[in-house]
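Novice: Pasting a structure here, questions to come.
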Amino acid sequence: ARWSPDDPALHAGIRWLTELGVRTVRPASPAAAADALAELLARFCAIYRLEPEHEQHLTGLIDTLRAEAGSFPLVFQHGDPGTWNVLVTPSGDTAFIDWESAEPDGMPLWDLLYFLRSYVVSAARAAGEHSRLAGFAAHFIDHGTLSDTLVEAIRRYREQVGLSGAMVEALFYTCWLHRALKQATLLPPERVDRDGHYANLLRLCL
């Protein structure tokens, strides 16, 4: 990996995950998707500390998704497409490995967001920034060198999968909420709220 906006490995991964979504779309109702996300939020709030205004904001985003007209595109989800689970083949293509977290009826955009998060954090580490939150913020929140690439990747995914622009914000926040719930199973109870990286990432975004 070159850890740069023109990195062929980065763009190959983006294309592959987008194509996975396009080829596996199964229409569902926005209300059903919103119900699933609301259940995840309730589980999160039972484990992690969340400011009341932040919980209210997330609830509002989920309600916005619920009110959307048309269908909601479920996709086959890899579930753990971090850079550590990607090989670059001799031809320059990407090969995603380690599929035990796959979900046949998964949420759209989550795989791409998670892949991009892992890429920018690794890029920041290569540049000397060892804080994962700071590395994430440099490109997802501030306008870093990779920010335009992230925006374009998400725009193309949304358009090709058939995801309404109004649904993106809810999926962005709940992606990290979902990762936080998975991480909670790996931490001792007394460390979950303090050391949960994805919960802290979600708070940072909020």
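Novice: With the requirement that a residue be part of a helix (DSSP H, G or I), open to solvent by less than 20 Å² (accessible area, probe 1.4 Å) and more than 18 Å from Thr24 (Cα to Cα), what does region 56-113 give you?
Specialist: Once the filter is applied, which keeps residues that are part of a helix (DSSP H, G or I), open to solvent by less than 20 Å² (accessible area, probe 1.4 Å) and more than 18 Å from Thr24 (Cα to Cα), region 56-113 yields Leu58, Ile62, Leu65, Asn85.
Novice: Working only within region 122-136, note down all residues that are surrounded by fewer than 18 Cβ atoms within 10 Å (Cβ to Cβ) and of a type outside the set (Gly, Ala, Ser).
Specialist: If the condition is that a residue be surrounded by fewer than 18 Cβ atoms within 10 Å (Cβ to Cβ) and of a type outside the set (Gly, Ala, Ser), then Arg125, Glu129, His130, Leu133 are the ones that fit.
Novice: A follow-up question, please. For His139, state whether it is in a loop (DSSP other than H, G, I, E, B), closer than 17 Å to Ala153 by Cβ, open to solvent by 20 Å² or more (accessible area, probe 1.4 Å) and modelled with pLDDT of 95 or more.
Specialist: No, not satisfied.
Novice: Then there's this: Any idea which of (1) modelled with pLDDT of 95 or more; (2) hydroxyl-bearing (Ser, Thr, Tyr); (3) open to solvent by less than 50 Å² (accessible area, probe 1.4 Å) is the one Thr145 doesn't satisfy?
Specialist: (3)
Novice: Residue check, Asp105 against (1) touching a helix residue (DSSP H, G or I) at 6+ places or on another chain (Cβ under 9 Å); (2) touching a residue at least 40 places away in the same chain (Cβ under 8 Å); (3) among the acidic types (Asp, Glu), all met but one. Which one?
Specialist: (1)
Novice: When residues of region 24-36 are filtered for being closer than 17 Å to Tyr157 by Cβ, open to solvent by 40 Å² or more (accessible area, probe 1.4 Å) and part of a helix (DSSP H, G or I), how many remain?
Specialist: 1
Novice: Does Arg117 satisfy being under 20 Å from Ile154 (Cα atoms), loosely packed, with under 14 Cβ neighbours inside 10 Å and at pLDDT 95 or above?
Specialist: no
Novice: Another question, then. If we scan region 143-151, do we find a residue that is hydrophobic (A, V, I, L, M, F, W, C), assigned to a helix (DSSP H, G or I) and touching a Phe, Trp or Tyr at 6+ places or on another chain (Cβ under 9 Å)?
Specialist: Yes: region 143-151 contains one or more residues that are hydrophobic (A, V, I, L, M, F, W, C), assigned to a helix (DSSP H, G or I) and touching a Phe, Trp or Tyr at 6+ places or on another chain (Cβ under 9 Å).
Novice: Quick one: in region 37-55, of everything that is part of a helix (DSSP H, G or I), in contact (Cβ under 8 Å) with a residue 60 or more places away in the chain and not charged (D, E, K, R), which residue is most open to solvent (accessible area, probe 1.4 Å)?
Specialist: Result: Ile47.
Novice: Residues Ala1, Ala42, Ala12, Ala36: which one is of a type in the set (A, V, I, L, M) and modelled with pLDDT under 95?
Specialist: Every option except Ala1 fails the conditions.
The values are calculated or read from the model by the stated rules, or taken from the named source; none is laboratory data. Since we're looking at a predicted model, the values are computed, not measured. Reconstructed Cβ throughout: ideal geometry from the backbone, glycine too, with neighbour counts over all protein chains shown. Keep in mind that these areas ignore ligands, DNA and RNA; they rest on the heavy atoms of the full protein, side chains included. Shrake-Rupley method; radii C 1.70, N 1.55, O 1.52, S 1.80 Å.
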